[in-house]
Amino acid sequence: MRPAHRDTMCAALLRRALPRDVQEGTTSRSIAHQAPPGATRNHALVTLDGRYAIVDRIASGGMGEVFRARDTVLAREVAIKVLHRSLAGDQAFVDRFRTEARAAAGLSHANIVAVFDWGSVDGIYYMVMEYVRGQSVRALLSREARLEPAQTVEVVRQTLQALDHAHHQGIVHRDIKPENILVTTGGVVKVADFGLARAYADGRQTHAGSVTGTVQYLAPEQIRGEPADPRSDLYSLGIVSYELLTGKLPFTGETAMSIAYKHLSGRVPLPSATVPSISPELDGFVSSATDRDREMRPESALEMRRDLEAIAPSLPAARALTSIVDDEPAVMPLPADGTTTDVVVLGDAASSEVGTTTATIARVERGTRLRWRRRLGVVALVATVAAAAWGVWTYVIPHRADVPSLAGASVDTARDQLSDLGFAVRIADGRYSERVDVGSVLRVQPASGTSLARGETVTIVPSLGPPPIKAPSVEGLTLDRATARLDRVGLAAEVAKRRFHDEIPKGSVIGQVQTGTVPAGSTVELIVSDGHAPVVIPRVAGMTESEASKALQALGFSVTTAESFSNGVDRGFVIGVSPKANTQAPYASTVTLKVSLGPERFQVPSFIGLNRNQAESKAAGYGLEASFTDLPGGTGVVITQSPAPGVMVSYGDSVQLFLL
């Protein structure tokens, strides 16, 4: 755009925005400075409120017009939104604008377009905002057709950071759409128009009793006229996510009413239905955010962002946002029909030190005839739209439907199908059925095929499956017998766990998890015995053979004996056991005692003075074989021996004993 033509347009636009007394030359707070001598430009630039020098008009929408300006106090570029005269003349709207602008000015976050100032001058209401160098998401979609999944995730993630901050401050945006999401040349996403969207929508609802907003992105509760809450913003962002991924809107139609009806009755399609390469995780993310029931959406922007960040690492890499954002200002067409979509695209335009000259803005005469023509035109337009809407509602949109056949379908599927037909759905108490699986529809009331008006209630009776039966007790039975007994009554058996039991033998049932009444055909979990627990072998070394045997038998072991020479353990005492002491062995298993035979060579003991039986027993105790020689005339007592006492002998040697 040529500079002269641009500045002429700016002056003309401000004439249209300024009140009549200013246009007639009434003194106001608007200050303009004389251009320095020798200035090459032949145009007038207006300074707003003695501080903001208007440079360019960069956008226009339903609420007003956006200008690029220079803050002469802080020497920085800013964006100024000037409200339309029709809104500035509405005192109720002005009061809301002040409240919302004050709240929006309190938002300080890297992902929110900052509000620096707001106020009014001679009836001109304006808001001074951060001048963002970059493009709107709408401009990116217009050029790129759609974004890659990784790029979409980054835009939505930063937007959720902005929403999380605003929602914690008690502010709901209520008009999230690509036009209000900006991306800077550095790849930072910024959300614009906090506060203005709510003030504008509240004002339109108050005056027209209707819902105001961009219908393609409105949440169902907003369309129904219910209060918006943070989850309404999440729905709108879910629609934006779908559009970024596919390049298309999920719902379209010839009229706003037809689109609104789809939001109320339809489900947002999966993005992968349009772009098959989109992952199931992103499909689920969009479906969750755009659920018609706000209670089923993510609880907060923070939770939704966490869901998104869990998906991000699995997505294929894509070009960074900085590479798809132009460094040139995106020049948007300036609509003359007052469209309700505010497109605020703040580009990178070169700034220059330009002196301004005082401009006298001539009054624009608007005769009574012109005002009446406009009023009649508005009335005729409203009547035409109302008649068309009534016709669509009466003749195009069906108001009755037949109850479909749903027997055997899942309850969730049946509920969704009935809701899509416009019926209210009630879930009754379930009934038992031998034919219909648990969780499926047994029947509906009224019966299938009944014609009902939309909004009437259809009751779903779910199946509880076959009626329950009493589970028999199988404790103490072997596993095979327990399984057979349960099978006879239509129940299955399953070993849930095995454990040791000191009384119930291995392989028999200790107990069962399910007792009493259980569903027919269900499984009874059994606890099966692994027999007696292993037993720790005690330490019996140093005991006599008899003592050690009694101690082991008391613990359930069988005992065997093995003898061995030992120079350190006396004959007849236990050297050790096998398996080793202090280890576990199966209950009732065999433990072998290693009993000492004493040293293999030893001094022969004395047998003198013993009778035959005593001497024979003592010799056996030492492993010696005794032979006797009876001398005549004796009493049967040993009087001498060979070898003599104290002589070294070996185990098994013989000793000769002489009896007298």
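A few notes on this one:
- Filter result (polar (S, T, N, Q) and within 15 Å of Pro519 (Cβ to Cβ)) within the stretch 459-507: Ser463
- Filtered residues of the stretch 460-505 (kept if at pLDDT 90 or above, over 30 Å from His532 (Cβ atoms) and among the β-branched types (Val, Ile, Thr)): Ile460, Val461
- Selection of the stretch 491-515 for residues being open to solvent by 50 Å² or more (accessible area, probe 1.4 Å) and more than 37 Å from the chain's Cα centre (by Cα) yields Arg498, Arg499, Phe500, His501, Asp502, Glu503, Pro505, Lys506, Thr515.
- Scope the stretch 157-183; condition of a type in the set (A, V, I, L, M) and either in contact with a His (Cβ under 7 Å, 6 or more places away or on another chain) or buried (at least 24 other Cβ atoms within 10 Å of the Cβ) (or both); matching residues: Leu160, Ala162, Leu163, Ala166, Ile176, Ile181, Leu182, Val183
- Looking only at residues in the stretch 590-629 that are farther than 14 Å from Arg571 by Cβ and assigned to a helix (DSSP H, G or I), the one that is most open to solvent (accessible area, probe 1.4 Å) is Asn613.
- Which numbered condition Asn111 misses (of (1) surrounded by 23 or more Cβ atoms within 10 Å (Cβ to Cβ); (2) within 24 Å of Ile239 (Cβ to Cβ)): (1)
- Sub-9 Å Cβ pairs linking a first residue in the stretch 246-261 that is in contact (Cβ under 8 Å) with a residue 60 or more places away in the chain and at positive phi to a second residue that is in a loop (DSSP other than H, G, I, E, B) and open to solvent by 40 Å² or more (accessible area, probe 1.4 Å), at least 6 apart or interchain, are Gly247/Ala145; Gly247/Arg146; Gly247/Thr274, ordered by first then second residue.
- Members of the stretch 563-587 found to be in a loop (DSSP other than H, G, I, E, B), of a type in the set (A, V, I, L, M) and at pLDDT 90 or above, listed by number: Ala581
- Qualifying residues in the stretch 436-487 (those that are of a type in the set (Ser, Thr, Tyr) and surrounded by fewer than 17 Cβ atoms within 10 Å (Cβ to Cβ)) - the one farthest from Glu525 (Cα to Cα): Ser451
- For the stretch 85-101, the tally of residues that are in contact (Cβ under 8 Å) with a residue 40 or more places away in the chain and either within 43 Å of the chain's Cα centre (by Cα) or open to solvent by 60 Å² or more (accessible area, probe 1.4 Å) (or both) stands at 9.
- Qualifying residue in the stretch 543-551 (condition: closer than 30 Å to His501 by Cβ, in a helix (DSSP H, G or I) and open to solvent by 70 Å² or more (accessible area, probe 1.4 Å)): yes
- Here Phe116 meets the list (1) touching a helix residue (DSSP H, G or I) at 6+ places or on another chain (Cβ under 9 Å); (2) at pLDDT below 85 almost entirely, failing just condition (2).
- Taking every residue in the stretch 134-149 that is part of a helix (DSSP H, G or I) and pairing it with any residue that is hydroxyl-bearing (Ser, Thr, Tyr) and open to solvent by 10 Å² or more (accessible area, probe 1.4 Å), at least 6 positions away or on another chain, the pairs with Cβ-Cβ distances below 8 Å are Pro149/Ser279.
- First in the stretch 406-419 and farther than 18 Å from Glu456 by Cα and open to solvent by less than 70 Å² (accessible area, probe 1.4 Å), second anywhere and at pLDDT below 90 and among the β-branched types (Val, Ile, Thr), Cβ under 8 Å, 6 or more apart: Gly408/Val436
- Filtered by the rule that a residue be under 29 Å from the mean Cα position of the chain (by Cα) and open to solvent by 50 Å² or more (accessible area, probe 1.4 Å), the stretch 139-156 gives Arg146, Glu148, Glu154.
- Here Tyr587 clears all of (1) open to solvent by 80 Å² or more (accessible area, probe 1.4 Å); (2) farther than 30 Å from Pro534 by Cβ; (3) aromatic (Phe, Trp, Tyr) except the condition numbered (2).
- Restricting Ile361, Ile397 to those that are modelled with pLDDT under 65 and over 30 Å from His263 (Cα atoms) reduces the list to Ile361.
The values are calculated or read from the model by the stated rules, or taken from the named source; none is laboratory data. Remember, it's a predicted structure, so these values are computed and weren't measured experimentally. Neighbour counts are summed over all protein chains in view; Cβ atoms, including those assigned to glycine, are modelled from backbone coordinates with ideal geometry. For the accessible areas, the whole protein counts, side chains as well, though only heavy atoms, and no ligand, DNA or RNA atoms are used. Shrake-Rupley method; radii C 1.70, N 1.55, O 1.52, S 1.80 Å.
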